[in-house]
1. With Cβ to Cβ distances under 12 Å as the rule, what net charge do the other residues near F270 carry (K, R +1; D, E -1)?
2. Using the Karplus equation 6.51 cos²θ - 1.76 cosθ + 1.60 (θ = phi - 60°), what ³J(HN,Hα) coupling, rounded to whole Hz, does each residue of region 145-161 give in order, writing x for Gly and Pro?
3. For region 266-338, evaluate the Debye formula with one uniform point scatterer on each Cα (no solvent term) and list log10 I(q)/I(0) at q = 0.12, 0.13, 0.26 Å⁻¹, rounded to two decimals.
4. Anything over 25 Å Cα to Cα? Flag those among K34/K57; K88/K148; K58/K262; K120/K154; K57/K271; K120/K190, in the order listed.
5. Can you tell me the relative contact order of region 266-338? Whole percent, Cα pairs under 8 Å, sequence separation 6 or more.
6. In nm, give the distance between the simple-model label positions of R218 and A35, each being 7 Å from the Cα along the Cα-to-Cβ direction.
7. Rg over Rh of region 1-124, using C-alpha atoms and the Kirkwood radius, what does it come to?
8. Taking the Cα atoms of region 27-70, report the difference between the largest and smallest coordinate on each principal axis, in whole Å and largest first.
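Just so it is clear, none of the values below were taken in a lab; they were calculated from the coordinates. Here the structure is a predicted model, which is why all the values come from computation and not from measurement. Glycine also receives a Cβ, built like all others from the backbone with ideal geometry; neighbour counts cover every protein chain displayed.
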Amino acid sequence: MSKTANILKKISEAGLVGRGGASYPTAAKWAAVKAALKNKKPGYIIVNGAEGEPGVKKDAYIFHHHAAAVINGVYLAEQFFGADKIKKIYIFLNREYYQLYSFSLKTVLADRPYEALGEKTEFFIKPDRLTYISGEETALLNLIEGKKVEPRRKPPYPTEQGLYGRPTLINNPETFYNVSLAAQNRYEGKRFYTISGLARRPGVYDLPANLTVEEILRQTGNYPAKAFFVQVGGGASGEIFNDEQLSVPAEGAGSIMIYDKKRTDWRKLFKHWLSFYQEQSCGQCAICREGSYRLRELMNQKQFNHKLFDEVVQSLEDTSFCGLGSSMAAPLKSYFANVKN
Ligand code: SF4
């Protein structure tokens, strides 16, 4: 078996999935880019390391502790596609991460065997205002191309027509890190979890990917002594679970935010989520642009109009053009279903 087929087999056998939130199988994505590159001009690789959702800090941890493994994963991708088939590599970071981690990433890139990779790698800094939407794959492509930062219609998918219409592999740093481990037969089925909020030991933990939220909280010494609820998968888009519903895995971006049940003012919390979405909405569709505004407005009314609130949330979920708009519904609906009855 050739070296490149071998890496795909290892990724597939390891069962690697994307860790940006969508959990798409990595082997399928890599195979799709490889197939698309066959009859096309060279394409691109993008490391999407600009995490912008509140409560998610795993990319920072990975860059800090495993910069060499991330670069090795990118190198393996370039080798898999063929060096002559990859025109450029972009490492997409927010300003803070660029300041903190670009030096160590560049140091790795200057070393053997990555010099050639380093020469075609460019760091791309995320504009400060666009903390979340520019992380959406196709919005990110528009950003790099200098266009309006809004999601594109899919298909075509970036694997076939990505940056400048060329096949493009976009993966999270955690995926490149895991590819590096899988290539050395060292991948142990783990993932990174960010624990925050009412946590005694907040931080990022590297634990088995199949643990339940309760197991994660207990194994990290973060199971609260008082009444609580959690938001799982992201501090804006994550679903809310009460303390009797913790036998679920921590999906999405793998974050667990813990809230003090008694002391959390639900209106303030909703306003916090909705302000985030309002700021991040690209404005392309009315339901997301206006809906986040209307919902936030409803929070200020003395008599809460639950019926209207539910209707707007449902429309958001059903008709938003991209995941940012539809994901707004998850915390709002699950809070009412699981915490505030
Ligand atoms: S749902 Fe929101 S973020 Fe997504 S395309 Fe529509 S306006 Fe933009």
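1. +4
2. 7, x, 9, 4, 7, 8, x, 9, 5, 10, x, x, 8, x, 4, 9, 10
3. -0.26, -0.31, -1.31
4. Working: K34/K57 31 Å; K88/K148 22 Å; K58/K262 29 Å; K120/K154 28 Å; K57/K271 22 Å; K120/K190 31 Å.
Checking Cα-Cα distances, K34/K57; K58/K262; K120/K154; K120/K190 exceed 25 Å.
5. On the way: 62 pairs, mean separation 22.0, N = 73.
Over region 266-338, the number comes to 30 percent.
6. According to this spin-label approximation, the distance is 4.4 nm.
7. 0.96
8. Largest first, region 27-70 extends 41, 24, 19 Å along its Cα principal axes.
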